[in-house]
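Report on the following structure.
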Amino acid sequence: MRSATASIRACALTICFLSLPALAQVRADRQMVAAAHPLAAEAGLEMLRAGGSAVDAAIAAQMVLTLVEPQSSGIGGGAFLMHYAADGRTVTSWDGRETAPAAARPDLFLAADGTPLRFYDAVLGGRSVGVPGAVRMLEAAHRAHGILPWARLFEPAIRLAGEGFRVSPRLAAAVAADAERLRRDATTRAYFFLPDGRPIPEGLMLSNPPLATTLRAIAAEGADALYRGPIAADIAAKVRSDPNPGLITTDDLAAYEAKRREPVCGPYRAVLVCSMGPPSSGGVTVLQILALLGHFDIAPLDPAGTDAAHLIAEAGRLAFADRNQYLADADFVSVPVRGLLDGAYLTGRAQLIDRDRTLAAPRAGNPPWRSGRLAPHADGVENGTSHLVVVDAAGNAVSMTTTVEDAFGARLMVHGFILNNQLTDFSFRPVLDGRPVANAVEGGKRPRSSMAPAIVIDAERRLVLAVGSPGGARIIGYVAQALVALIDWRLDPQAALALPHVGTLGSAVELEDGTGAASLRTALEARGHQVVVREMASGLQAIAVLPEGGLAGGADPRREGVAMGD
């Protein structure tokens, strides 16, 4: 593994005021993994060194993340995976999003009086648990793109679960911050707390024998070990017997299907950006933001300046207005993806952007090929997500965002892993002002996501880069800003991921607290923006193919991730 200092150009563009840890860009000749925890990255690299594919490495890394980062992702959650195949220069997307149980109805998150439940009244317990999809999806992706035997991919995680790993600062802090909710369930309480009741401390050697047993079963029997038989029965029993009971049955688990879908792709400058389509809103919304920015000359702008922040925020506000109204699971709702990405439509939307003044209260547009009148649904923000990227020696790539939704999901644990609370990504209100909400709960439906794993290719369909982030609805802004930094400003991956965040969820402009971005507040307010300065804890990972050969990688300094390669 070779290291180089972050781009000199970063300082020339006044990024050096950023008060985040200074990390060096990572360089590699042939293959690389970037993941949210060093042990996960090491597991992925172990598979690459054994001759494995990018998908092989991603599976090994995900199994380790289940153990070392349970607050963010795991086999009890879901994931979206973008795959680039070097031999045919093709991009494929894999949908492992959780589904609502067959018995779920639109009133799942309404109280007896018809009002929406408070968020954590819905989250905690079985009510919020969706049928997990990550393992079934990874199995399908492995059949298509794997090289190493399935069982081999589980060896690092099984070893670490049995022998133990050192509790990281981030995991210890997450347990302490969520202690009251984690104590609610006896199993999570027993795992995440010491016998005297204190939360597990940083540096503690923590093992998880039940997870090791579960992973051995999945390694030997495939995904069926999770979706059928004793583990499936225990998942259903845990969900349905909770004081806040859910609806999952063993039939729901047995019926789950991962889906291979066409990616959504759009041009930006001289490249093609591909990401995940519905049921994710992330890919379409990122592509809309880029298309709107494509009408402006971004490259000469200071990445840390007011002009760039204003344009990024305005493009985001317009794109979020469309996202909130139209995007949901296209297997259940007519989603006008073609219209939302139509060039003429987006040109009209871009003309609403004034370089000097904010647009008051952007509304959803009227894209071609839409049908029906829908009510908007702006969702909340979650914290339980992770991202990883891989490029293997053959040039194949994976960009995968993986999640249990909120930190520690539903706060339920079974057979050593956390169960998701993904159903709270649905709209709690099925109807608003007499109009249906596209993202309402329905049996078998996949809740709308914001995850936006991205693969970028050039005009000859050669791999350029892979990038993505956790962060709930803020994922969209994190990924869009990173792509602008990598493509327009030509920053190296590490410098791009360390940029101070400027974003929006559709109304106020959000500036990252503790960084130079916060100093833009007065100038943006002078342009009419409502501004909020807040923590913006992304977890970006990126790998870029260098024009001179080799790879450059970066990991978000806001979390514990690393990039490593050969």
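The values are calculated or read from the model by the stated rules, or taken from the named source; none is laboratory data. Because the structure is a prediction, the values reported are computed rather than measured. So basically every Cβ, Gly included, is an ideal-geometry build from the backbone, and we count neighbours across all protein chains shown. When the accessible area is computed, the model is the full protein with side chains, heavy atoms only, and any ligands, DNA or RNA have been set aside. Shrake-Rupley method; radii C 1.70, N 1.55, O 1.52, S 1.80 Å.
In table form, for the structure just shown:
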{"read-out": "Condition broken by Gly197, with the remaining ones in (1) in contact (Cβ under 8 Å) with a residue 60 or more places away in the chain; (2) among the small types (Gly, Ala, Ser); (3) farther than 21 Å from His415 by Cβ satisfied", "value": "(1)"}
{"read-out": "Among the residues listed as Ala537, Ala518, the single one being of a type outside the set (D, E, K, R), surrounded by fewer than 22 Cβ atoms within 10 Å (Cβ to Cβ) and not in a helix (DSSP H, G or I)", "value": "Ala537"}
{"read-out": "All positions within the stretch 46-72 that are closer than 21 Å to Gly283 by Cβ and either touching an Asp or Glu at 6+ places or on another chain (Cβ under 8 Å) or at pLDDT below 95 (or both)", "value": "Ala54"}
{"read-out": "Search result, residues across the stretch 180-199 that are touching a helix residue (DSSP H, G or I) at 6+ places or on another chain (Cβ under 8 Å), farther than 13 Å from Val68 by Cα and not hydroxyl-bearing (Ser, Thr, Tyr)", "value": "Arg181, Leu182, Arg183, Arg189, Phe193, Pro199"}
{"read-out": "Flag if Ala393 is part of a loop (DSSP other than H, G, I, E, B), open to solvent by less than 10 Å² (accessible area, probe 1.4 Å), in contact (Cβ under 8 Å) with a residue 24 or more places away in the chain and more than 26 Å from Gly503 (Cα to Cα)", "value": "no"}
{"read-out": "Residue check for Leu524: assigned to a helix (DSSP H, G or I) and within 30 Å of Asn420 (Cβ to Cβ)", "value": "no"}
{"read-out": "Members of the stretch 144-173 that are basic (Lys, Arg), assigned to a helix (DSSP H, G or I) and surrounded by fewer than 19 Cβ atoms within 10 Å (Cβ to Cβ)", "value": "Arg152, Arg159"}
{"read-out": "Which numbered condition Ser507 misses (of (1) touching a strand residue (DSSP E or B) at 6+ places or on another chain (Cβ under 7 Å); (2) open to solvent by 20 Å² or more (accessible area, probe 1.4 Å))", "value": "(1)"}
{"read-out": "Only one of Ala254, Ala219, Ala232 that is part of a helix (DSSP H, G or I), surrounded by fewer than 15 Cβ atoms within 10 Å (Cβ to Cβ) and either of a type in the set (A, V, I, L, M) or within 23 Å of the chain's Cα centre (by Cα) (or both)", "value": "Ala254"}
{"read-out": "Residue check, Glu548 open to solvent by 20 Å² or more (accessible area, probe 1.4 Å), closer than 29 Å to Leu171 by Cβ and in a loop (DSSP other than H, G, I, E, B)", "value": "no"}
{"read-out": "Residue in the stretch 280-298 that is most open to solvent (accessible area, probe 1.4 Å), counting only those that are assigned to a loop (DSSP other than H, G, I, E, B) and in contact with a helix residue (DSSP H, G or I) (Cβ under 9 Å, 6 or more places away or on another chain)", "value": "His295"}
{"read-out": "Residue list for the stretch 407-463, restricted to those being in a loop (DSSP other than H, G, I, E, B) and β-branched (Val, Ile, Thr)", "value": "Val441"}
{"read-out": "Matching residues, the stretch 325-339, being assigned to a helix (DSSP H, G or I) and open to solvent by 20 Å² or more (accessible area, probe 1.4 Å)", "value": "Gln325, Val337, Arg338"}
{"read-out": "Hits in the stretch 417-436 (condition: of a type outside the set (Phe, Trp, Tyr) and buried (at least 24 other Cβ atoms within 10 Å of the Cβ))", "value": "Ile418, Leu419, Asn420, Asn421, Gln422, Leu423, Thr424, Asp425, Ser427"}
{"read-out": "Every residue from the stretch 122-143 that is over 22 Å from Asp252 (Cα atoms) and surrounded by 14 or more Cβ atoms within 10 Å (Cβ to Cβ)", "value": "His142"}
{"read-out": "Leading residue by the ranking (nearest to Leu463 (Cα to Cα)) among those in the stretch 79-121 that are open to solvent by 40 Å² or more (accessible area, probe 1.4 Å) and among the charged types (D, E, K, R)", "value": "Arg89"}
{"read-out": "Ala555 vs. criteria open to solvent by 10 Å² or more (accessible area, probe 1.4 Å), in contact with a Pro (Cβ under 9 Å, 6 or more places away or on another chain) and among the hydrophobic types (A, V, I, L, M, F, W, C)", "value": "no"}
